Amino acid sequence: MILAENQYVRIERIVSTGHASPESFWYDQEENEWVVVLKGEAKLLFEGDDEPITMRPGDHVLIPAQLKHRVDWTTPNQPTVWLAVFYRD
């Protein structure tokens, strides 16, 4: 759900329960993304990394534009709620 946007920035609330990106799928965005987990847990995998990072409430990460990444796992028994801010340099 888009909470706010203009020509420079987009702020989204994302809710996922038991979600994982398809095995061969990678997000490859033209925008930078700063994301924080507000509720639940998730694992993000970045291309070239051997292990995903685990994110819990309050954990955040800056994903530079064009850095391929995927959602490896989100909690299956409760929603994982993210706040994502997309922007261009």
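The values are calculated or read from the model by the stated rules, or taken from the named source; none is laboratory data. These numbers come from a predicted model, not from an experiment. Counting neighbours? That spans all protein chains shown, and the Cβs are built from the backbone with ideal geometry, glycine included.
Does at least one position in the stretch 28-35 carry a residue that is assigned to a strand (DSSP E or B), in contact with a Pro (Cβ under 8 Å, 6 or more places away or on another chain) and closer than 14 Å to HIS69 by Cβ?
yes
Would you call ASP72 part of a strand (DSSP E or B) and either among the polar types (S, T, N, Q) or in contact (Cβ under 8 Å) with a residue 40 or more places away in the chain (or both)?
For ASP72, the condition - part of a strand (DSSP E or B) and either among the polar types (S, T, N, Q) or in contact (Cβ under 8 Å) with a residue 40 or more places away in the chain (or both) - is met.
Could you list, ordered by first residue, the pairs with Cβ atoms under 7 Å in which the first is in the stretch 20-41 and under 21 Å from LEU83 (Cβ atoms) and modelled with pLDDT under 95 and the second is part of a strand (DSSP E or B) and of a type in the set (Gly, Ala, Ser), at least 6 apart or interchain?
none
Could you list, in sequence order, the residues of the stretch 1-25 that are of a type in the set (A, V, I, L, M) and surrounded by 12 or more Cβ atoms within 10 Å (Cβ to Cβ)?
VAL9, ILE11, ILE14, VAL15, ALA20
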